[in-house]
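First up is the structure itself, then whatever we jot down about it.
The values are calculated or read from the model by the stated rules, or taken from the named source; none is laboratory data. Keep in mind it's a predicted model, so treat the numbers as computed, not measured. Cβ placement follows ideal geometry from the backbone for every residue including glycine, while neighbour counts extend to all protein chains displayed. Just the protein is used for accessible areas: all its heavy atoms, side chains included, with ligands, DNA and RNA removed. Shrake-Rupley method; radii C 1.70, N 1.55, O 1.52, S 1.80 Å.
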2 protein chains.
Amino acid sequence: MDTKTLAHEFTKLCQDGQFDEAGNRFWSEQVVSLEPMEGEMARAQGRKALEGKGQWWYANHEIHSTSTEGPYVHGDQFAVRFNMDITPKTGDTAGQRIQMTEVGLYTVKDGKITEERFFYGG
Amino acid sequence: MDTKTLAHEFTKLCQDGQFDEAGNRFWSEQVVSLEPMEGEMARAQGRKALEGKGQWWYANHEIHSTSTEGPYVHGDQFAVRFNMDITPKTGDTAGQRIQMTEVGLYTVKDGKITEERFFYGG
């Protein structure tokens with residue numbers, strides 16, 4: 001599967017709210033996930049670690065709606081934009097409904113996503 | 001100037017339609033520009049080459065409107081989304097009004113943009 005085809009299938013799953021399935025289907029075993037912050041959440045590696053990140057996200061946020069735009073492709077990379085309407089359950093903004101937008105930049109090798117790198121708006 | 005501040009100033013100039021000024025102010029001397037295609041347009045290097053790319057773009061497209069969204073920041077990189085309503089003057093789609101969306105991924109070093117990499121939708 002070439003990067004453009006993978007990018008469209010991945011994005012379609014996200015648009016349908018199937019974020020877990022998108023990861024299950026396309027993450028490589030040693031996939032790396034990078035967030036623009038310091039500390040232990042900045043880098044996770046391996047499918048189990050990324051599944052844990054996802055579980056943490058769902059446990060700690062009430063999700064009112066999401067939308068996914070893209071993909072935008074260049075060579076073996078593609079970008080997707082996520083819009084989220086959420087209420088955090090924990091942390092400094094607990095209980096405050098907020099709208100967030102972020103960009104995910106994905107790197108593909110041998111038909112699998114080997115890295116996801118998130119860019120934050122605001 | 002840190003990457004987040006630069007990203008916001010660059011994006012504001014693009015939102016105001018001042019694309020040339022955004023480049024003038026923030027490109028490094030040896031900035032590299034990468035497009036997702038084969039051939040001589042795939043890679044350009046140096047401010048003069050990028051200025052030439054811009055001149056070629058304006059000469060070959062009628063621009064009805066543009067909008068710029070972002071920035072989205074991660075470390076020394078930021079992403080911006082461009083929406084364009086244009087009519088190409090040359091090539092296979094000459095005379096056809098089209099709407100395009102692309103993502104620009106910018107890498108910053110020492111307060112200057114050292115690389116721009118474009119991702120295409122569709």
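The table below gives the values:
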{"read-out": "Charge sum, other residues only, whose C-beta stays under 10 Å from A:VAL108's C-beta, Lys/Arg counted +1 and Asp/Glu -1", "value": "-1"}
{"read-out": "Summed buried accessible surface, chains B and A, 1.4 Å probe, nearest 100 Å²", "value": "1800"}
{"read-out": "Ranked packing of B:111-119, A:68-76, most packed first, by mean Cβ within 10 Å", "value": "A:68-76, B:111-119"}
{"read-out": "Interface residues in the stretch B:104-121 - accessible area drops by 30 Å² or more relative to the isolated chain, probe 1.4 Å", "value": "B:LEU105, B:ARG117, B:PHE119, B:TYR120"}
{"read-out": "Per-residue HN-Hα couplings for the stretch B:36-52 [Karplus 6.51, -1.76, 1.60; θ = phi - 60°; Hz; x = Gly/Pro]", "value": "x, 8, 8, x, 6, 7, 5, 9, 10, 9, x, 4, 4, 5, 6, 4, x"}
{"read-out": "Per-copy distances of the A:THR5 label point, shortest first, in nm (7 angstrom along Cα→Cβ)", "value": "4.8"}
{"read-out": "In sequence order, calculated HN-Hα J values of the stretch A:55-64 (Karplus, 6.51, -1.76, 1.60; Hz; x Gly/Pro)", "value": "5, 4, 4, 5, 6, 10, 9, 8, 9, 7"}
{"read-out": "Helix A:3-15 vs. chain A, principal-axis angle (Cα, 0 to 90°, nearest 10)", "value": "30"}
{"read-out": "Pair B:THR93, A:THR5: separation of 7 Å Cα→Cβ label points (nm)", "value": "2.4"}
{"read-out": "Residues A:MET84 and B:MET100, FRET efficiency given R0 of 41 Å [Cβ-Cβ distance, rounded to 0.05]", "value": "0.95"}
{"read-out": "Solvent-accessible area lost in complex, 40 Å² minimum, residues of the stretch A:72-98 relative to chain alone, 1.4 Å", "value": "A:TYR72, A:VAL73, A:HIS74, A:ARG81"}
{"read-out": "Accessible area of the stretch B:1-69 divided out per residue, in Å², using a probe of 1.4 angstrom", "value": "58"}
{"read-out": "Alpha-carbon radius of gyration plus Dmax, which is the widest Cα pair, for the protein assembly as shown in Å", "value": "18.7, 55"}
{"read-out": "Amide H within-cut-off set for A:VAL31, under 5 Å, with H built and near neighbours excluded", "value": "A:GLY46, A:ARG47"}
{"read-out": "Förster radius 25 Å - calculated FRET efficiency between A:PHE118 and B:TYR58, Cβ distance, rounded to 0.05", "value": "0.15"}
{"read-out": "Solvent-accessible area, 1.4 Å probe, carbon plus sulfur percent, for the protein assembly as shown", "value": "48"}
{"read-out": "Relative contact order (%) - criterion: Cα under 8 Å, at least six apart; region: chain B", "value": "26"}
{"read-out": "Charge context of B:VAL32, other residues only, Cβ under 9 angstrom, K/R +1, D/E -1", "value": "0"}
{"read-out": "Förster radius 35 Å - calculated FRET efficiency between B:ARG25 and A:ARG25 (Cβ-Cβ, nearest 0.05)", "value": "0.25"}
